[in-house]
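Here the structure is laid out as structure tokens; the discussion comes afterwards.
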Amino acid sequence: MTSPSPEKPNAAQDFWLTVLRTLIGRCPKCGHGRLFKSYLKPVEQCATCGEALGHIRADDGPAWLTILVVGHIMGSLMLALPWDEYSDTVMISGVTALTIVMSLAVLPYAKGFFIGMIWRAECVGTEK
Ligand SMILES: [Zn+2]
């Protein structure tokens, strides 16, 4: 394992601390300020410590992780459901609704995770 480089002090922070802070929607640096100002819109900077977070672009990472998690859960659930006990319309409607709700529930956690990892790697975000 390599030691964190002096040019990237964020990497010195414990990995799981960063994961925990961002999963609960808090600033990856201090853990107190909010990470999002709305459902998926990150704050420009932390209200508590002033860390710049608005330049971090998670792009398609959170959607990929959400599909990965929800897809595995729903795939397993669909195999376990009693499809012959209810009509196809009821089952498909229920599975679709549950998939949408689960995706919307997981997406903020996935985005927080990616923002935390990008913050930790100190990516510059030159696309802005
Ligand atoms: Zn902060």
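The values are calculated or read from the model by the stated rules, or taken from the named source; none is laboratory data. Every value quoted in this text rests on a predicted model; they were computed, and no experiment measured them. Cβ atoms come from the backbone with ideal geometry, glycine included; neighbour counts cover every protein chain shown.
Could you go through region 44-51 and let me know if any residue there is in a helix (DSSP H, G or I), surrounded by 12 or more Cβ atoms within 10 Å (Cβ to Cβ) and not basic (Lys, Arg).
No, every residue in region 44-51 fails to be in a helix (DSSP H, G or I), surrounded by 12 or more Cβ atoms within 10 Å (Cβ to Cβ) and not basic (Lys, Arg).
Just one of the numbered conditions (1) touching a residue at least 24 places away in the same chain (Cβ under 8 Å); (2) out of contact with any helix residue (DSSP H, G or I) (no Cβ under 8 Å at 6 or more places or on another chain) is not true of GLU44; which one?
(1)
Can you list residue pairs whose Cβ atoms sit under 6 Å apart, with the first residue in region 67-91 being farther than 21 Å from LEU104 by Cβ and the second being assigned to a helix (DSSP H, G or I) and at pLDDT 95 or above? Count only pairs 6 or more apart in sequence or on different chains.
No pair meets every condition.
Given the criterion part of a helix (DSSP H, G or I) and at pLDDT 95 or above, identify the matching residue among MET91, MET74. Quick ask: steps written out before the conclusion?
On the way: MET91 fails: at pLDDT 95 or above.
Going through MET91, MET74 in turn, the sole match is MET74.
Kindly provide the set of residues from region 25-57 that are more than 10 Å from the ligand (Cβ to nearest atom) and farther than 15 Å from CYS123 by Cβ, ordered by number.
GLY25, PHE36, LYS37, SER38, TYR39, LEU40, LYS41, GLU44
Count, please, the residues in region 21-33 that happen to be free of Cβ contacts under 8 Å to residues at least 60 places away in the same chain and surrounded by fewer than 16 Cβ atoms within 10 Å (Cβ to Cβ). Outline the logic, then answer.
Looking only at region 21-33, we keep the residues that are free of Cβ contacts under 8 Å to residues at least 60 places away in the same chain, and these are 26-27, 30-33.
Filter once more, keeping what is surrounded by fewer than 16 Cβ atoms within 10 Å (Cβ to Cβ): 30, 32.
Number of matching residues: 2.
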